[in-house]
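Report on the following structure.
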Amino acid sequence: MERVAAAAIIDAQGRLTGWSEGARLLTGHTADEIVGRPVAGLLAEDVPPGVLAARSGTVALRHRDGHRVEVALSACPVLGPGGEEAGHVITATVPGPALADQAFQQASMSMSVFDLRQSYLRANDAACRLLGVSEESLVGRFYPETVEDAEHSQGFLHHLRQVAETGLPVRYESFTGTPAPSRVHAWSIEMWPLRDVSGELAGVALAAFDSSEQYRARRRLALLNEAATGIGTTLDVVRTAEELIELLVPQYADFASIDLLDWVLGEDELPMIPDGALTLRRVAHGSTQEGNPGVAVHLGEMHGYQPSSPPARALQEGGAVLGRTGEPDFDEWLAERNARSPEGRPYRVGVHSMIAVPLLARGTTLGVAVCVRSRHPEDYAPDDAVLAEELASRAAVCIDNARRFARERSTAHALQHSLLPRGLPGQAAVEVAHRYLPSGSLAGIGGDWFDVIPLSGSRVGLVVGDVVGHGIQSSAT
């Protein structure tokens, strides 16, 4: 395929007397600069003799900026009044594909052209690389014959036929791979009708853009939105940890666990992270395999992490730590886990990547979350660490809120019980018995009070009152 690029007029003496806009674009010379000059000044090398005789052929020109431009020339003589040659009209074409054709062939996205029977007419380089075949092996073949994914090809073929039948463009998103988000390959596909010079529908063109990164970014955002509404629905430490597990498995991990420092579940606050081996309590875990087969630590059990293990490093460093097969710390951690639970073969087979992230809230370390991948084919990557830290941060705040609530309630109960009377002053008017039943509020305490007041004349005042509100402040008041 050739494209006419330029035209010029040369007189009998070889001087340029006419210069087209295409010639300016091809050589960089304007008409003011070039008209009247010898045409030989444009040549990058001597013209081959055969070109002069045949009045056509390939000639090398010199661009205004110095680079070489090869063009195919064709000369048509211009006759004078007596029939003699008075000059020539020269047309120059650039051999090879036109610029638009080059743009199609070299586009970074996959582009193809089909006839109305869904057979290939063209396929650019990106499409051929994607399919692993040459354009010559595709042209003329029915689309379903060229792909192995039958399910994906059926939807693709449906849209090709839809455009061919309706003449209307279609834009949609297509997915290949397994349902796990990390394995899904997303494509943004646009198909549009092609019409010939008469306006008749002649084919269907398509462009497919790999939108996997955008799809995964949307999935990460959706996961964060789920975390905002699904974590912290109760003021219970263990339940909050379970809600985080439910969010992580199976979307983000094949197995996940939450281990908390023991003081988080108690009344005393000891936020310091000790040196050496760390001991934590397992409060929640979950697996893609029903029943968590082969789990190494059971719920409620205390267990330790060696200082070099990814979970211990995450606690010490205050950030997510990634591990994968072949790394000494990961292999040592996995071997130590398998030694604790040798029957846990369903868990350890295929484990190739993990991420440990600390649970940090208000500057205090509460514990660590561990996520493991075995069925997910992709290792955890740095962007997964960012997501894990964000999810862990939101969960940690909710766990800390539950911890603070439990601690405040325990403190308020202790205060209230300390205020209950050990006995009543004696008096002759009545016999008095008392009993206190805590309120049904979440805090579990209130500002209720009573008194027995001896009065003159063998009388007594029995008084019951209530301070508005609940909690420590009401009890103290």
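The values are calculated or read from the model by the stated rules, or taken from the named source; none is laboratory data. Values in this document were obtained by computation on a predicted structure and should not be read as measured data. Please note: Cβ atoms are built from the backbone with ideal geometry, for glycine as well, and neighbour counts cover all protein chains shown.
Descriptive notes on the structure:
- Residues of segment 19-75 that turn out to be out of contact with any Ser or Thr (no Cβ under 8 Å at 6 or more places or on another chain), of a type in the set (Gly, Ala, Ser), surrounded by 13 or more Cβ atoms within 10 Å (Cβ to Cβ) and farther than 11 Å from Ala6 by Cβ, as a count: 5
- Cβ-Cβ under 9 Å pairs, at least 6 apart or on other chains, segment 381-398 side farther than 14 Å from Cys371 by Cα, far side of a type in the set (Asp, Glu) and modelled with pLDDT of 90 or more: Ala395/Glu243; Cys398/Glu243
- Condition met for Leu168 (over 15 Å from Val113 (Cβ atoms), part of a helix (DSSP H, G or I), among the aliphatic types (A, V, I, L, M) and assigned by TED's automatic domain parsing to the domain that holds Met191): no
- A single entry from Asp196, Asp262 fulfils the requirement of being free of Cβ contacts under 8 Å to residues at least 40 places away in the same chain and touching a strand residue (DSSP E or B) at 6+ places or on another chain (Cβ under 6 Å): Asp196.
- Given (1) closer than 15 Å to Leu261 by Cα; (2) of a type in the set (D, E, K, R); (3) touching a His at 6+ places or on another chain (Cβ under 8 Å), number of the condition Glu301 does not satisfy: (3)
- Condition check for Ala402: at pLDDT 85 or above and under 30 Å from Ala256 (Cα atoms): yes
- Some residue of segment 38-57 being under 30 Å from Gln105 (Cα atoms) and modelled with pLDDT under 85: yes
- Test: Gly461 is outside the structural domain of Gln251 (by TED's automatic domain parsing), at pLDDT 85 or above, of a type outside the set (A, V, I, L, M) and in contact with a Leu (Cβ under 7 Å, 6 or more places away or on another chain): yes
- Taking segment 407-422 as the range and being touching a residue at least 12 places away in the same chain (Cβ under 8 Å) and in a loop (DSSP other than H, G, I, E, B) as the test, the residues that pass are Leu420, Pro421.
- Of the criteria (1) touching a helix residue (DSSP H, G or I) at 6+ places or on another chain (Cβ under 8 Å); (2) within 30 Å of Leu121 (Cβ to Cβ); (3) in contact (Cβ under 8 Å) with a residue 40 or more places away in the chain, which one Ala205 fails: (1)
- Members of segment 192-225 found to be surrounded by fewer than 15 Cβ atoms within 10 Å (Cβ to Cβ), within 22 Å of Ala388 (Cα to Cα) and among the charged types (D, E, K, R), listed by number: Glu213, Arg218
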